[in-house]
Amino acid sequence: MYVLHFSDFHLFAGEKESAHPRHDTVAAVDQVLADAARLTPQPALVLISGDLTDCGTAEDYALARQMLARFSAPVLVVPGNHDRREAMRTAFGDSIPFADGPHLNFDLIHKGIRVIGLDTIVPGAVEGELCAARLDWLAGRLADNTAAAQTETGITFLMLHHPPFDLASPSWDAMTLLEGRQEFTQLIAGFKGHLRLLTGHVHRPLITTHAGHFAAIAGSPAFQYAPGLGWTGEPPLSAEPYVYWLHYIAAPGSVITSPRMIDLGQG
């Protein structure tokens, strides 16, 4: 089974909110999704780790849902700093079991694969946080032995927008998960199952490990940065091919991760 990991589409139905997204962002995202829809076999899950939209309007989310409707698999999203919680809940609340309360957290199992979505946004801020309420919710989910027993593949994907680790770049490090990072790291370090962290936010595909678990950051079809490792300021933009991740579950507890690269040209 394939699980697809995208991030940072920055879709906008009207005027864009941020400076960098390419003028043809919608067409670029459509090219990416069309490529993914042609994959064989079709994905079991489509995961998007935040900044699905650029402005967070109802029109933006309607556009996103229309474009994602080509997948028969469940599409699961967490909010990014450019998303808006209430508009996202309204748009996806019929298909994603968001937890009660103000945060867009969720926990579900599909075809034996568990996905935990974690809301790390701070409205109006670029950096992320996990408050006590969100940390308590996550602790309860990770300790849920009933859900763990239903995860027949042995795989749990934990998806959040902000990377919970430094990236060897001061400009990126300042906008990662800041408050609650230590507590989050302690929680996942104690998780004994096969946990895979999926994040976005920095518009650069990267793979690392954190607290003993695999972690992947997906790139962005809206715009991508050049390798930012070691940069003290904002890295320059790059026209490199866009990358999303294919996680192939070959057997229970066994995942092969492959980059899927698409040349989107100049936007």
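Residues that are out of contact with any strand residue (DSSP E or B) (no Cβ under 6 Å at 6 or more places or on another chain), in a loop (DSSP other than H, G, I, E, B) and within 23 Å of H110 (Cα to Cα) within the stretch 125-153 comprise A143, D144, E152, listed in sequence order.
Which one is nearest to A125 (Cα to Cα), of the residues in the stretch 158-181 that are out of contact with any Asp or Glu (no Cβ under 6 Å at 6 or more places or on another chain) and either assigned to a helix (DSSP H, G or I) or open to solvent by 20 Å² or more (accessible area, probe 1.4 Å) (or both)? Only one residue fits best here, namely A174. Cβ contacts < 6 Å: first residue within 17 Å of T209 (Cα to Cα) and free of Cβ contacts under 8 Å to residues at least 60 places away in the same chain, restricted to the stretch 151-180; second residue surrounded by fewer than 16 Cβ atoms within 10 Å (Cβ to Cβ) and not hydrophobic (A, V, I, L, M, F, W, C), any location; separation 6+ or different chain. Result? Note: pairs meeting the criteria are T156/G193; D173/D166. Kindly check whether there is at least one residue in the stretch 244-256 that is closer than 20 Å to D24 by Cβ, buried (at least 16 other Cβ atoms within 10 Å of the Cβ) and modelled with pLDDT under 95. No: zero hits. In the stretch 225-232, is there at least one residue being closer than 21 Å to H23 by Cα, in contact with a strand residue (DSSP E or B) (Cβ under 8 Å, 6 or more places away or on another chain) and crowded, with 18+ Cβ neighbours inside 10 Å? Within the stretch 225-232 (the criterion being closer than 21 Å to H23 by Cα, in contact with a strand residue (DSSP E or B) (Cβ under 8 Å, 6 or more places away or on another chain) and crowded, with 18+ Cβ neighbours inside 10 Å), the answer is yes, since at least one residue qualifies. From F184, F191, which residue is open to solvent by less than 50 Å² (accessible area, probe 1.4 Å) and outside any helix (DSSP H, G or I)? Residue meeting the stated conditions: F191. Sub-8 Å Cβ pairs linking a first residue in the stretch 129-143 that is touching a residue at least 40 places away in the same chain (Cβ under 8 Å) to a second residue that is of a type in the set (D, E) and in a helix (DSSP H, G or I), at least 6 apart or interchain, are L130/E183; L135/E183, ordered by first then second residue.
The values are calculated or read from the model by the stated rules, or taken from the named source; none is laboratory data. Note that the coordinates shown come from a computational prediction; the quantities given were computed from them, not determined experimentally. Glycine gets a Cβ as well: all are built from the backbone with ideal geometry, and neighbour counts include every protein chain shown. Side chains are part of the model used for accessible areas, which takes the heavy atoms of the whole protein and leaves out ligands, DNA and RNA. Shrake-Rupley method; radii C 1.70, N 1.55, O 1.52, S 1.80 Å.
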